[in-house]
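Here is the structure we will look at.
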Amino acid sequence: MKILFLSDSHYKSIFKLDLTEYDYILHAGDIKSSDIDYIKLESNVFLVRGNCDYFSNYPIEQIIELNGKKILLTHSHLYGTKDSYDELIKYATMKEVNFVIFGHTHIPTVFEKNNIIFINPGSFMEGSYMYLDGDTIFEKQKKNLFSKMDIYKTIKKIKIETKL
């Protein structure tokens, strides 16, 4: 299974990527409003509202189950993640999820705490995103994402124990 993780695309369209190669797309908020119009009818796309999604009626967070694993999808601004991950970790532990996909900080991050894998794909507006393929998370940075040049760079490959 191949899952695309996005967040903080703001005014940049996620359609700069080939979305057809992913089984699921999880967007952790602050999405371009015209992108919502195009993807909201897709059954394999999950979205949450970020702090800049002023007119969105999407949920502030949702728990998704894929292959028997629980995933908390949140923008994370309500948990003070620009200062600390402590509140988000506490909340995710209470919810007994396996994964947390979050955004807001614009900083690509993957870490494990309390047997939960936390993934922030970074800011798509700045060319950063991640995807899971099997048991490996790929962190991507696309230089010149919004110009005619398509130069992708895999920054990290992160093996995880918990497969989706």
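Some values worked out for this structure:
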{"quantity": "Virtual paramagnetic centre 7 Å along Cα→Cβ of residue 136, amide N under 15 Å, in segment 1-35", "calculated": "1-3"}
{"quantity": "Neighbourhood net charge (10 Å Cβ-Cβ; Lys/Arg +1, Asp/Glu -1) for residue 2", "calculated": "-3"}
{"quantity": "Reachable aspartates and glutamates from residue 12, criterion Cα separation under 16 angstrom, eight or more residues apart if same chain", "calculated": "30, 35, 37, 53, 126, 150"}
{"quantity": "Order of 48, 97, 110 - criterion: other Cβ atoms within 10 Å of each residue's Cβ, fewest first", "calculated": "110, 97, 48"}
{"quantity": "Whole-number D in µm²/s for segment 2-159 (Stokes-Einstein; Kirkwood sum over Cα pairs; 10 °C, 1.306 mPa s)", "calculated": "102"}
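Values in this text are rule-based calculations from the coordinates and carry no lab data. Quick caveat, the model's predicted, so the values are computed rather than measured. Quick reminder, even Gly has a Cβ in these numbers, built from the backbone with ideal geometry, and neighbours come from all protein chains shown.
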